[in-house]
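K.L.:
Dropping a structure here in structure tokens format, bear with me for questions.
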Amino acid sequence: MCNIISAYQEAVKEFRQHDPGDVTLRSGAVYHAKQAIFTISYFNLEHQIDREGRVTLNGKSVPYNDRTLILQYLCYASGLPPREKWISFLELPDGRHHYIPFQTDATIPVANQFGCSPEEFARAARQLGGTLIKMGDLGFSVPALPKLPLAVTLWEGDEEFRAQANILFDSVASTHLSTAALWVLGVELATKLLGHIDQRAAAKQEVNWLGKQE
């Protein structure tokens, strides 16, 4: 937890030094001068960032990973648009050093959860703003940040082969964020896809509870 907080604090210090016009030009965020607030789409939800580096969603603070990633992107985004050429985490600078943990924390959980339920995978990806791409048995391009999409692909499992998944990065990703930050971004994509299952389950429980009250 200390490392997460430290990373956020460093991102805040860096962010405060940047000119709003430069930030919007490079990142694709929008700056509202009267309110002195940036807005940016992050996994299909509009977040707000004030000049002090506070990141909120619908007026509420967001988790450290999300706020740190958003601030780091605002600070370091290169301005390059996506090229729609996908590369694996292994192909990122020094990606080989963290490839196994990336599989453990991101791709394997996605495969295990959705390998036998592609419809649920599609619903989860579309909830994050995903659009269909021709990769795997089922694949989506997900707009993590304005100029930084991720691709998530699924190969369904059967009696002979286990389900597999992959999370890919646009070829310009490393011009926007460090490999360490991209690792966190990929894990966050997996976490948010899996969170869709929890939301659906909670919604069903609420419906069942309401039904019992009638």
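K.L.:
Out of the residues in the stretch 56-75 that are of a type in the set (S, T, N, Q) and in a strand (DSSP E or B), which is nearest to residue 169 (Cα to Cα)?
P.N.:
By that ranking, first place goes to 56.
K.L.:
Sticking with this structure for a sec: Tally up the residues in the stretch 10-30 that are over 12 Å from residue 70 (Cβ atoms), in a helix (DSSP H, G or I) and within 20 Å of the chain's Cα centre (by Cα), please.
P.N.:
2
K.L.:
Kindly provide the set of residues from the stretch 76-95 that are outside any loop (DSSP other than H, G, I, E, B) and surrounded by fewer than 21 Cβ atoms within 10 Å (Cβ to Cβ), ordered by number.
P.N.:
Pass one, the stretch 76-95, residues outside any loop (DSSP other than H, G, I, E, B): 76, 86-87, 89-91, 95.
Of everything in the stretch 76-95, those that are outside any loop (DSSP other than H, G, I, E, B) and surrounded by fewer than 21 Cβ atoms within 10 Å (Cβ to Cβ) turn out to be 76, 87, 90, 91, 95.
K.L.:
Also, I was wondering about something else. Condition check: farther than 21 Å from residue 172 by Cβ and modelled with pLDDT of 95 or more. Does residue 17 satisfy that? First the steps, then the outcome.
P.N.:
Details: farther than 21 Å from residue 172 by Cβ: yes; modelled with pLDDT of 95 or more: yes.
The answer is yes for residue 17.
K.L.:
Given the criterion touching a helix residue (DSSP H, G or I) at 6+ places or on another chain (Cβ under 9 Å) and farther than 26 Å from residue 167 by Cα, identify the matching residue among 38, 102. If you could, list the steps in order and put the result at the bottom.
P.N.:
Details: 102 fails: farther than 26 Å from residue 167 by Cα.
Checking each option against the conditions leaves just 38.
K.L.:
Here is a list: 177, 128. Which entry is crowded, with 23+ Cβ neighbours inside 10 Å and under 28 Å from residue 67 (Cβ atoms)?
P.N.:
Numbers: 128 fails: crowded, with 23+ Cβ neighbours inside 10 Å.
Of 177, 128, the one residue that is crowded, with 23+ Cβ neighbours inside 10 Å and under 28 Å from residue 67 (Cβ atoms) is 177.
K.L.:
Need pairs with beta-carbon distance below 8 Å; first residue more than 18 Å from residue 75 (Cβ to Cβ) and not assigned by TED's automatic domain parsing to the domain that holds residue 43 and within the stretch 176-196, second charged (D, E, K, R) and surrounded by fewer than 17 Cβ atoms within 10 Å (Cβ to Cβ); sequence gap 6+ or separate chains.
P.N.:
Listed pairs, sorted by first residue: 187/105; 190/105; 196/120; 196/123.
K.L.:
Okay, moving on. Report yes if some residue within the stretch 93-110 is modelled with pLDDT of 95 or more, assigned by TED's automatic domain parsing to the domain that holds residue 182 and within 16 Å of residue 42 (Cα to Cα); otherwise report no.
P.N.:
no
K.L.:
A follow-up question, please. Using beta carbons and a limit of 7 Å, which pairs, at least six apart or on different chains, have the first residue in the stretch 6-23 and within 15 Å of residue 52 (Cβ to Cβ) and the second one of a type in the set (A, V, I, L, M)?
P.N.:
Between residues of the stretch 6-23 that are within 15 Å of residue 52 (Cβ to Cβ) and residues that are of a type in the set (A, V, I, L, M), the close pairs are 11/71; 12/71; 15/71; 15/74; 23/29; 23/74.
K.L.:
Sort through 27, 61 and tell me the only one that's in contact (Cβ under 8 Å) with a residue 24 or more places away in the chain and within 27 Å of residue 150 (Cβ to Cβ). It would help to see each step written out before you state the result.
P.N.:
Working: 61 fails: in contact (Cβ under 8 Å) with a residue 24 or more places away in the chain.
Unique residue meeting the criteria: 27.
The values are calculated or read from the model by the stated rules, or taken from the named source; none is laboratory data. Worth saying up front: this structure is predicted, and the values here are computed from it rather than measured. A quick note on method: Cβ atoms are made from the backbone with ideal geometry, for glycine too, and the neighbour counts reach across all protein chains shown.
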